[in-house]
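As structure tokens, the structure follows; a few thoughts come after it.
Just so it is clear, none of the values below were taken in a lab; they were calculated from the coordinates. These numbers come from a predicted model, not from an experiment. Don't worry about glycine lacking a Cβ; one is built from the backbone with ideal geometry, like all the others, and counts go over all protein chains shown.
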């Protein structure tokens, strides 16, 4: 009887999982399948990631509108790092009007953009972004809770100093490389609540001004919480997350996006799993679920029909330090994170140089396409 009941329960779980996936989106596991020209990340990469996270989360600390001095210090530090790489660096204003958020307005905050100009199609850009603000204190960790800015908030090591550290590492990697398309590395302000999905969200301001600036964005990658790959407490985890393809074990990184970005995500995944030892799970949400509950700054680009996805360790689905004062640099796994960033570098290289990849990124040679065309795989040395 117990065996029958257990079997019936398992079948029900499988049925529920199938229903959820069919209603919400598509999921896929990509195990590492290393290409013959794969090289491991340099040892210095993990140290550089740790140093960047420590600067933002420890030396500077909380970074949000109600800690404007810290937020400006972070923007200045990021700007200096970009300029030191010789990249064309700009501050782009994000204005918070009077009366909108008591205690932090009116105020002008900044997105910080650094551009590697493409040599063949400079007007076509790949956007790589990460928000550098941290969440203001609230009674709990969830986004909709009331603000208590006079209390100590999270230092934001994983969310999202880790994303900024990856952004800076990728900018350094491409600062001396020739690319066909331009790459725009952008540190966004105001991703965290109460700004998320609002008019003053930094990435939203940036995305809606692209056309006026004459920038044709062919795709966007959001770097969002990238540092946790060890087993930690998971009381915040949603019980159904495993049923939609995002299991509790922290042995993978995820590409999360909307259904319209699925082809873009699939091409990027094909490159990533050939150049990283970390397993990858891709998950694409159908609308309206994607627009109702997006992951991060990728949402801002979906509104303008730009394919985009978040690269993430899955944050609160993986660990309880998300949005807590315990989100500190010592909890991150920098060696594993380095493998993720290293794989993203190869992926970005394929996006920025579409004529070099034999059609892998679905480009016919005119620099326009990101999700159609032939799909030619790298040469693998450990086919399974």
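Per-structure values
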read-out	value
Modelled FRET efficiency - R0 35 Å, residue 145 with residue 120, Cβ distances, 0.05 increments	0.15
Contour minus Cα-Cα distance for residue 355 and residue 325 (0.36 nm per residue)	6.2 nm
Point-to-point label distance, residue 59-residue 90, nm (Cα→Cβ direction, 7 Å offset)	2.8
Percent of beta bridges antiparallel (DSSP, the range 26-356, rounded to nearest 5)	50
Gain on full stretching of the segment that runs from residue 212 to residue 287 - 0.36 nm per residue minus C-alpha separation	24.3 nm
Point-to-point label distance, residue 51-residue 152, nm (Cα→Cβ direction, 7 Å offset)	2.8
Per-pair calculated FRET efficiency, R0 = 25 Å: residue 44 and residue 279 via Cβ, rounded to 0.05	0.55
Cα-projected label distance for residue 68 with residue 240, points at 7 Å along beta-carbon direction, nm	4.2
